[in-house]
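Chemist: I am attaching a structure below and will ask some questions about it afterwards.
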Amino acid sequence: MKVKTAVIAAAGFGSRFLPYVKDIPKEMLPIIDRPSIQFSVEECIDAGMENIIVVVRGGNSLIEDYFTKPAKDVHELLASQGRLERFDQVERVLGFKGLKFINQDMSLPYGNGSPIYSAKHLLDPNEPFVAMFGDDMFMSNTEKGGVAQIVEFYNQYGNGTDGVIAGEQLPVEEIIGKLANVKFKEFDEVGKHGVMDYQIEKPTREQLVSDVMTYGRMVLTPKVFDYLTPTATGLANELWLQDAIAKMAKTGTVRVKVMDGKWITTGDPERYFSVVVRYYLRHEKYGPKAKEFLQSLSL
């Protein structure tokens, strides 16, 4: 069945970035000339998603305004200056199709499962959907972005599968105490995919079960809502999407696909800095100067 809907969770507080995020969503952190949330939306559009549901924090319309609010004053100024070409990218963003913005249900517990559950009423109960976290980003090694890759894999292996989660093989030192580690029932070393047994969040060295971590790019079936319910809280009394996926893996089939590219995140200032640097270095216009500047630093 065709995957045509995506849910982007963009409702967290991002408290590591206070005071900046007091009034500005962390998904609006800039990556060169656009907010990080735009990269997620563009991934969905490039993958052919017809419906893109962005779940935001109630009382803050900045994300929705960015994608929908005309910038009449800027347009008139640039027109008077003969610089309307600078407005081209604004018009491109305003022309994005299929976007819908909803507030997270504030009656739900805190947690990364709550934005996904908040969108449940808008999802077809018979269709799989993409779920992604707004602060997880993906730098592809191919022309296909993260959403396109995970959807393609689901289309190939989705028959009888309850979900497909994006993964990456990393040196174990980068996983220990930091990331979600996967234990596999089976793993195809050639195709770089496997069937999940369970996950361990931030494992100790002794708990480590593989060199694969998972992150916020996935295709899920509505079966996930059998386990993702408002009362199914876990660690710190939060509603965790990972807990629901782990339960689903026990009773059904959840696959993990090692992606062709690199997971990066804007989740904290240190890693946000690395994201900005990576994008500057890859940028066609600014990359050479950025590389020259970094090489000039006496560190």
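A short reminder: the numbers here are calculations on the coordinates, not readings from a lab. All values derive from a computational prediction rather than experimental measurement. In this analysis, Cβ positions are derived from the backbone assuming ideal geometry, glycine residues included, and neighbour counts consider all displayed protein chains.
Chemist: What do you get for chymotrypsin sites (Phe, Trp or Tyr not before Pro) in segment 12-84 restricted to DSSP loop and a cutoff of at most 15 other Cβ within 10 Å of the site's Cβ? Write down the numbers at each step before the final one.
Modeler: Details: sites: 13, 17, 20, 39, 66, 67; in loops: 13.
Listed in order of number, the matching sites are 13.
Chemist: Same structure again: Quote the FRET efficiency, to the nearest 0.05, computed for residue 202 versus residue 126 with a Förster distance R0 of 25 Å and r equal to the Cβ-Cβ distance.
Modeler: Numbers: r = 35 Å, r/R0 = 1.42.
Efficiency, from the Cβ-Cβ distance: 0.10.
Chemist: Between segment 100-145 and segment 270-287, what's the alpha-carbon centroid distance in Å?
Modeler: Value for the Cα centre distance between the two parts: 25 Å.
Chemist: Give me the number: length gained by fully extending residue 277 to residue 139, i.e. 0.36 nm times residue separation minus the C-alpha to C-alpha distance, one decimal in nm.
Modeler: On the way: separation 138, 0.36 × 138 = 49.68 nm, distance 1.24 nm.
Length gained, residue 277 through residue 139: 48.4 nm.
Chemist: Between helix 72-81 and the chain, what is the angle of the helix's C-alpha long axis to the longest principal axis, kept within 0 to 90° and rounded to the nearest 10?
Modeler: Long axis of 72-81 versus the principal axis of the chain: about 50 degrees.
Chemist: I would also like to ask the following. Would you grab the residues whose amide H sits under 5 Å from the one on residue 217? Only those 5+ places off in sequence or on another chain, please, with H modelled 1.01 Å from N.
Modeler: It is 166, by chain and number.
Chemist: With a Förster radius of 25 Å, plug the Cβ-Cβ distance of residue 270 and residue 299 into 1/(1 + (r/R0)^6) and report the FRET value to the nearest 0.05. Please report the intermediate quantities before stating the final value.
Modeler: On the way: r = 16 Å, r/R0 = 0.64.
Computed FRET efficiency for residue 270 and residue 299: 0.95.
Chemist: Need the list of aspartates and glutamates near residue 185 for cross-linking: C-alpha distance under 20 angstrom, and skip anything on the same chain fewer than eight residues off.
Modeler: Within the straight-line limit of under 20 Å, residue 185 reaches these aspartates and glutamates: 162, 168, 197, 201, 206, 211, 243.
Chemist: Follow-up question, since we're still on this one. Restricting to Cα pairs below 8 Å that are 6+ residues apart, what does the relative contact order work out to for the chain? Please round to a whole percent.
Modeler: On the way: 548 pairs, mean separation 65.6, N = 299.
With pairs under 8 Å counted, the relative contact order is 22 percent.
Chemist: Okay, moving on. Note the full-extension length gain between residue 285 and residue 69 as 0.36 nm times their separation in residues minus their Cα-Cα distance, in nm to one decimal. Provide the component values of the computation, followed by the final result.
Modeler: Working: separation 216, 0.36 × 216 = 77.76 nm, distance 2.77 nm.
Length gained between residue 285 and residue 69: 75.0 nm.
Chemist: Skipping prolines and chain starts, which residues have an amide H placed within reach, meaning under 5 Å, of the one on residue 101, given they are 5 or more residues away or on another chain?
Modeler: Distant-sequence amide H within range of residue 101: 54.
Chemist: Same structure, new question: What ³J(HN,Hα) values, in whole Hz, does the Karplus curve 6.51 cos²θ - 1.76 cosθ + 1.60 give for segment 96-101 when θ = phi - 60°, with x put for Gly and Pro?
Modeler: Couplings: 4, 9, x, 7, 9, 10 Hz.
Chemist: With r as the distance between the Cβ atoms of residue 16 and residue 209 and R0 = 35 Å, compute the FRET efficiency 1/(1 + (r/R0)^6) and round to 0.05. If you can, show how the numbers build up before the last one.
Modeler: Working: r = 28 Å, r/R0 = 0.80.
Result of the calculation: an efficiency of 0.80.
Chemist: Could you give the length gained by full extension between residue 236 and residue 185, i.e. 0.36 nm per residue of separation minus their alpha carbon distance, to one decimal place? It would help to have the intermediate numbers written out before the result.
Modeler: Working: separation 51, 0.36 × 51 = 18.36 nm, distance 2.84 nm.
Residue separation times 0.36 nm, minus the Cα-Cα distance, leaves 15.5 nm.
Chemist: Calculate one ³J(HN,Hα) per residue across segment 109-114 by plugging θ = phi - 60° into the Karplus curve 6.51 cos²θ - 1.76 cosθ + 1.60, and present them in order as whole Hz with x for glycine and proline.
Modeler: x, 5, x, 6, x, 5
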